[in-house]
1. Once both labels are modelled 7 Å past Cα along the beta-carbon direction, what's the VAL252-LEU67 spacing in nm?
2. If packing is taken as the average count of other Cβ atoms within 10 Å, what order do 175-181, 59-65 fall into, highest mean first?
3. Taking the Cα centre of region 2-251 as origin and charging only Cβ (+1 Lys, Arg; -1 Asp, Glu), how large is the dipole, in debye to the nearest 20?
4. With each pseudo-label sitting 7 Å past Cα toward Cβ, what's the LYS204-LYS179 distance in nm, one decimal?
5. Can you give the extra length, in nm with one decimal, that the chain gains between LEU233 and VAL96 once fully stretched, where that is 0.36 nm per residue apart less the Cα-Cα distance?
6. Considering Cα pairs under 8 angstrom that are at least six residues apart, work out the relative contact order of the chain and quote it in whole percent.
7. Where does the charge balance sit around VAL20 when Lys and Arg score +1, Asp and Glu -1, over other residues with C-beta under 15 Å from its C-beta?
8. Taking springs between alpha-carbon atoms closer than 10 angstrom, which of MET72, MET189, MET163 fluctuates most in the Gaussian network model of the chain?
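What follows draws every value from the coordinates through simple rules; no lab data is involved. Computed from a prediction, not measured in an experiment: that's the story for all the values here. Neighbour counts run over all protein chains shown; Cβ positions are idealised from the backbone, glycine included.
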Amino acid sequence: MRIISIINLKGGVGKTFTAVQIAYLLNRKYSARILLLDNDKQGNLSKAYSTYRRAGLCQTARLLMGLETAEMVRQRTEWDGIDIISANMSLLSATVQLQGEGALDQCSRYRSLQGASDEAGNLYDYVIIDNPPDIGLNVINALAVTDDVIVPIKIDQWALEGMDIITEQIEEIRSINPKINFTGALVTMYRNNDTNVSGVDWLKLDKVRLFNTCIRYSERAAESTFFQQPVQLYSPRSAVARSYRQFVEEYVQMIGEEK
């Protein structure tokens with residue numbers, strides 16, 4: 001089982017959208033069993049799977065506070081083989097409550113993700129964590145159990161903003177999680193124009209580890225979120241859908257070569 005963290009300290013770069021597409025493609029194309037963890041108090045991943053509940057202590061908060069294990073808080077989604085642990089604003093309260101106890105002392109809170117199993121006793125193939133644009137206690141806990149860190153990036157003058165913080169945090173967390181790996185930055189909302197071409201070249205010159213695939217911009221992306229459907233279903237021939245298929249193939253090949 002591999003645990004993937006989707007993270008960027010900027011908003012609006014397509015983190016949740018990327019998590020949804022990876023989950024769907026790994027599940028449908030590779031028959032993988034997926035557990036999603038919504039680690040963002042905004043609960044956008046939970047909303048995408050119609051599991052968001054505004055009131056009450058959310059499942060991710062219960063997991064973070066050590067009240068329940070991953071097996072106890074997971075929920076089924078409408079997609080067979082994709083389960084989710086949902087979030088809402090109570091995750092913020094849980095994070096603040098535990099923050100004073102020392103972040104590194106609390107890095108075992110998400111350990112049960114590593115042993116999460118279905119009712120038949122089979123492990124999930126992937127856990128995908130959708131993280132907020134910050135480095136709070138919940139994110140530190142996520143990184144403490146993560147195998148692969150994927151950083152969605154939108155080409156603009158702030159593309160590298162926060163990258164140094166993320167890479168530094170990865171290095172710091174390596175003392176308790178030596179297997180964590182910065183798999184690469186994924187360029188999203190890519191347009192084939194001079195600005196984006198130059199931006200990608202600039203990132204390469206800055207020695208940012210990039211995936212070969214760039215996720216093409218398409219209005220179909222926003223439309224698919226409105227209808228709460230993976231873009232692979234809503235518009236499978238769109239540029240963005242084709243891009244994500246290519247990206248997931250690249251990622252699967254990459255981890256296969258590691259093995």
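1. Placing both labels 7 Å along Cα→Cβ, they lie 3.8 nm apart.
2. Details: 175-181: 13.6, 59-65: 25.0.
Packing order, densest peptide first, comes out as 59-65, 175-181.
3. For region 2-251, the charge dipole is close to 580 debye.
4. Between LYS204 and LYS179, the label points sit 3.3 nm apart.
5. Numbers: separation 137, 0.36 × 137 = 49.32 nm, distance 3.85 nm.
Additional length available on full extension: 45.5 nm.
6. Over the chain, the number comes to 24 percent.
7. Numbers: positive: LYS15, ARG28, LYS29, LYS47, ARG220, ARG245; negative: ASP38, ASP40, GLU78, ASP83, ASP130, GLU223.
Neighbour charge sum, excluding VAL20 itself: 0.
8. Greatest mean-square fluctuation among the candidates belongs to MET72.
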